[in-house]
Amino acid sequence: MSKSFLEVVEEALKDVEEVDVFQLKKSFDDNEDFLLIDTRETEEWNLSRIPNATHISKGLIEKVLDVSVPDRNKKIVLYCQSGFRSVLACESIKRLGYNDVSSLKGGIAEWQNSGFDLEI
């Protein structure tokens, strides 16, 4: 039986933790040690991004993350435009053995809607 994109995301959410924009902002304000990864496509990244983010598109994250981030216990927050692709990317990198991974609920759209700054 085939599933829709949203059904696949809902299924992934059973194993993926989400943080909201206020939790992410607090992590910044508290100077927490974590890696923020923008999983959108390069064209989206070039338009705007959350400050201090690193860009690794969803299509490449499994391939390059183990080289870029060898510490499987590093706290990592992933985001995309609306929070769906980043959930799927979280699910994928958890299978690679990363232990402290979460997705930004609502993505960069929610970050911007909440009045937080973007880099352009």
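The values are calculated or read from the model by the stated rules, or taken from the named source; none is laboratory data. The structure displayed is predicted, hence computed values, not measured ones. Please note: Cβ atoms are built from the backbone with ideal geometry, for glycine as well, and neighbour counts cover all protein chains shown. When the accessible area is computed, the model is the full protein with side chains, heavy atoms only, and any ligands, DNA or RNA have been set aside. Shrake-Rupley method; radii C 1.70, N 1.55, O 1.52, S 1.80 Å.
Side notes on the structure shown:
- Residue in the range 26-37 that is in a helix (DSSP H, G or I), under 17 Å from GLY115 (Cα atoms) and open to solvent by 80 Å² or more (accessible area, probe 1.4 Å) present: yes
- Listed conditions (1) open to solvent by 50 Å² or more (accessible area, probe 1.4 Å); (2) of a type in the set (Ser, Thr, Tyr); (3) within 16 Å of GLY106 (Cβ to Cβ) are all met by THR54, apart from (3).
- Annotation note: Cβ proximity below 6 Å between a residue of the range 1-17 that is within 13 Å of GLY83 (Cα to Cα) and a residue that is of a type in the set (Asp, Glu) and open to solvent by 50 Å² or more (accessible area, probe 1.4 Å) (sequence gap 6+ or interchain) occurs for ALA12/GLU91; VAL16/GLU91.
- Evaluating ALA109 against the criteria (1) out of contact with any helix residue (DSSP H, G or I) (no Cβ under 9 Å at 6 or more places or on another chain); (2) in a loop (DSSP other than H, G, I, E, B); (3) at pLDDT 95 or above leaves one unmet condition, (2).
- Within the range 39-51, considering residues that are among the β-branched types (Val, Ile, Thr) and under 12 Å from TYR79 (Cβ atoms), the one surrounded by the most Cβ atoms within 10 Å (Cβ to Cβ): THR39
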